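Novice: Input: one structure, supplied below.
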Amino acid sequence: MTRHYNFCAGPAALPTSVLERARDELLDYRGRGLSVMEMSHRGEDFVAIAEQAEADLRELLAIPDNYRVLFTQGGASLQFAAVPYNLLGAGGRANFLHTGIWGKKAISEARHLFGDVHVAASSEGNGHSAVPRQEEIVLSDDAAYLHYTANETIGGLAFDYIPGSNGEGPRRPDGSEVPLVCDMSSSILSGPLDVSKFGVIYAGAQKNIGPAGLVVVIIRDDLLDRARHYMPTLFSYQALSEAGSMVNTPATYSWYLAGLVFDWLKQDVGGLAAMDAINQRKAARLYAAIDGSALYANPITLRNRSRMNVPFVLADPRLDRPFLDEAEAAGLLNLKGHRSVGGMRASLYNAVPEAAVEALIDFMADFEKRRG
Ligand code: PMP
């Protein structure tokens, strides 16, 4: 058996030790004579798995007691609709920071469902190569919340600050505070986080959390009753919270695997500060290799370069195909950039080991020597 190095943007690499544990428990979960996949979600065993996963996530992120954690479905994309459904009930407009393709999708969904939205700042003007500065963010008088994408997975553009963090939070022109909502799909758990700065955090699981099919939502409890209109029950944070995320059958196996990943982060990695240091090293090594070469280039302003997704182009696009073919032959998988932008992208999520980055850098240098 060979496990290659996987740089996929999502579904992404999982820690080998997590997969080994899942394998060992696959047919017979701890002597129960059945698989987690086959268990009732309301039975004692699965409820214990679910509760442990939440407890470990709370510990990793130091989630304050006045926040609820939901394990839901529909991908991060469903949250583009669920957030306005849940938070616009009392009126007001959704405010957005537009920093790339995912932010734009969130804007478009809210606009189609609820009409007018306000873009409080955008990086469109610089081709999404630098995020707007804090002082450029101007909320509308009627802002109900401010939504942003912490890490644009396709563009490789990441915020280097939390909006509103220069004061106590994002504020309307009259000085009143609005909740901050963050799509953290591709950066959650990559390092420590001050959850108390946020109203809602959501993340699709298939990058740093576990397999696809699960979305984690972290919501401050005073925001649970902002909805005024009926909405599909499965969108409702209140309903999900009251039912312990079991309004209907949850994605039990993905939830269990997420729990194994949280345990790996705690026990094997040693927590998010340790993870942060590893991620810092991985990204620094790869960007240094790109910047030091004549063949590869990354266009993002230094302070906003993503540690999780590193897009780069080759000086001669005719070399793209040979690069990808030879990388794959060398056991370096899924380096092709998103179909909308082309080029390459190496995603360096938590489960991508430092050795994978070293192998990629060696391959890139060798390729440049031969073909550059
Ligand atoms: N937001 C971000 C930042 C993403 O990277 C993605 C998926 N790559 C999404 C939202 C959409 O996630 P999903 O496919 O789970 O709906």
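The values are calculated or read from the model by the stated rules, or taken from the named source; none is laboratory data. Remember, it's a predicted structure, so these values are computed and weren't measured experimentally. With ideal geometry, Cβ positions are generated from the backbone for all residues, glycine too; neighbour counts draw on all protein chains shown.
Okay, residues lined up against (1) basic (Lys, Arg); (2) within 16 Å of the ligand (Cβ to nearest atom); (3) touching a residue at least 60 places away in the same chain (Cβ under 8 Å):
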| site | (1), (2), (3) |
| --- | --- |
| SER122 | no, no, no |
| VAL131 | no, yes, yes |
| GLU135 | no, no, no |
| TYR145 | no, no, yes |
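Novice: Can you tell which of LEU324, LEU295 is surrounded by 13 or more Cβ atoms within 10 Å (Cβ to Cβ) and free of Cβ contacts under 8 Å to residues at least 60 places away in the same chain?
Specialist: LEU324
Novice: Another question, if that's okay. Could you pull out the residue among ASN334, ASN304 that is crowded, with 20+ Cβ neighbours inside 10 Å, touching an Asp or Glu at 6+ places or on another chain (Cβ under 7 Å) and polar (S, T, N, Q)?
Specialist: Working: ASN334 fails: touching an Asp or Glu at 6+ places or on another chain (Cβ under 7 Å).
None of the other options fit; the residue is ASN304.
Novice: Among all residue pairs at least 6 apart or on different chains, which show Cβ distances below 7 Å where the first residue, located in segment 1-19, is outside the structural domain of LEU260 (by TED's automatic domain parsing) and without any contact (Cβ under 8 Å) to a residue 60 or more places away in the chain and the second is of a type outside the set (D, E, K, R) and surrounded by fewer than 16 Cβ atoms within 10 Å (Cβ to Cβ)?
Specialist: ARG3/THR16
Novice: Checking the structure you have, find out if any residue of segment 274-292 is assigned to a helix (DSSP H, G or I), farther than 20 Å from LEU189 by Cα and among the charged types (D, E, K, R).
Specialist: Yes, that holds for at least one residue.
Novice: For segment 128-137, state whether one or more residues are among the small types (Gly, Ala, Ser) and within 21 Å of the chain's Cα centre (by Cα).
Specialist: Within segment 128-137, one or more residues are among the small types (Gly, Ala, Ser) and within 21 Å of the chain's Cα centre (by Cα).
Novice: Let me ask something else about it. Among the residues of segment 5-48, write down those that are more than 30 Å from ASN309 (Cα to Cα), hydroxyl-bearing (Ser, Thr, Tyr) and assigned to a helix (DSSP H, G or I).
Specialist: Step one: of segment 5-48, the residues more than 30 Å from ASN309 (Cα to Cα) are 24-48.
Those still in the list that are hydroxyl-bearing (Ser, Thr, Tyr) too: 29, 35, 40.
TYR29 - this is the single residue of segment 5-48 that is more than 30 Å from ASN309 (Cα to Cα), hydroxyl-bearing (Ser, Thr, Tyr) and assigned to a helix (DSSP H, G or I).
Novice: Quick check on segment 188-196. Is at least one of its residues within 16 Å of the ligand (Cβ to nearest atom) and either surrounded by fewer than 22 Cβ atoms within 10 Å (Cβ to Cβ) or among the acidic types (Asp, Glu) (or both)?
Specialist: No, because not a single residue in segment 188-196 is within 16 Å of the ligand (Cβ to nearest atom) and either surrounded by fewer than 22 Cβ atoms within 10 Å (Cβ to Cβ) or among the acidic types (Asp, Glu) (or both).
Novice: How many residues does segment 327-352 contain that are over 20 Å from ILE101 (Cα atoms), in a loop (DSSP other than H, G, I, E, B) and either free of Cβ contacts under 8 Å to residues at least 60 places away in the same chain or aliphatic (A, V, I, L, M) (or both)?
Specialist: Matching residues across segment 327-352 total 3.
Novice: Residues that are among the acidic types (Asp, Glu), in contact with a strand residue (DSSP E or B) (Cβ under 9 Å, 6 or more places away or on another chain) and not assigned by TED's automatic domain parsing to the domain that holds ASP141: which strands (runs of 3 or more DSSP E) entirely in segment 154-230 hold 2 or more of them? Can you show your working first?
Specialist: Details: elements: 180-183, 200-204, 215-220.
The strands (runs of 3 or more DSSP E) meeting that bar number zero.
Novice: Which condition number in (1) part of a loop (DSSP other than H, G, I, E, B); (2) surrounded by 24 or more Cβ atoms within 10 Å (Cβ to Cβ) is the one that TYR145 fails?
Specialist: (1)
Novice: Can you go through ARG93, ARG133, ARG172 and tell me which one is surrounded by 15 or more Cβ atoms within 10 Å (Cβ to Cβ), charged (D, E, K, R) and out of contact with any His (no Cβ under 7 Å at 6 or more places or on another chain)? Explain how you work it out, then say what you get.
Specialist: Working: ARG93 fails: out of contact with any His (no Cβ under 7 Å at 6 or more places or on another chain); ARG133 fails: surrounded by 15 or more Cβ atoms within 10 Å (Cβ to Cβ).
After ruling out the rest, the residue left standing is ARG172.
Novice: Condition test on ALA62, is it crowded, with 20+ Cβ neighbours inside 10 Å, modelled with pLDDT of 95 or more and of a type outside the set (S, T, N, Q)?
Specialist: Numbers: crowded, with 20+ Cβ neighbours inside 10 Å: no; modelled with pLDDT of 95 or more: yes; of a type outside the set (S, T, N, Q): yes.
No, not satisfied.
Novice: Taking PHE80 as meeting all but one of (1) more than 16 Å from the ligand (Cβ to nearest atom); (2) buried (at least 20 other Cβ atoms within 10 Å of the Cβ), write down the number of the exception.
Specialist: Condition not satisfied by PHE80: (1).
Novice: If the requirement is being touching a Phe, Trp or Tyr at 6+ places or on another chain (Cβ under 8 Å) and either farther than 21 Å from THR153 by Cα or in the same structural domain as ALA258 (by TED's automatic domain parsing) (or both), which of these qualifies: ALA365, ALA330?
Specialist: On the way: ALA365 fails: touching a Phe, Trp or Tyr at 6+ places or on another chain (Cβ under 8 Å).
Only one candidate passes the filter, namely ALA330.
Novice: Being free of Cβ contacts under 8 Å to residues at least 12 places away in the same chain and closer than 30 Å to THR149 by Cα is the filter; apply it to segment 23-75 and report the residue that is nearest to the ligand (Cβ to nearest atom).
Specialist: Restricting to residues being free of Cβ contacts under 8 Å to residues at least 12 places away in the same chain and closer than 30 Å to THR149 by Cα, the top hit is ARG58.
Novice: When residues of segment 76-107 are filtered for being free of Cβ contacts under 8 Å to residues at least 24 places away in the same chain and small (Gly, Ala, Ser), how many remain?
Specialist: Summing the residues that are free of Cβ contacts under 8 Å to residues at least 24 places away in the same chain and small (Gly, Ala, Ser) in segment 76-107 gives 0.
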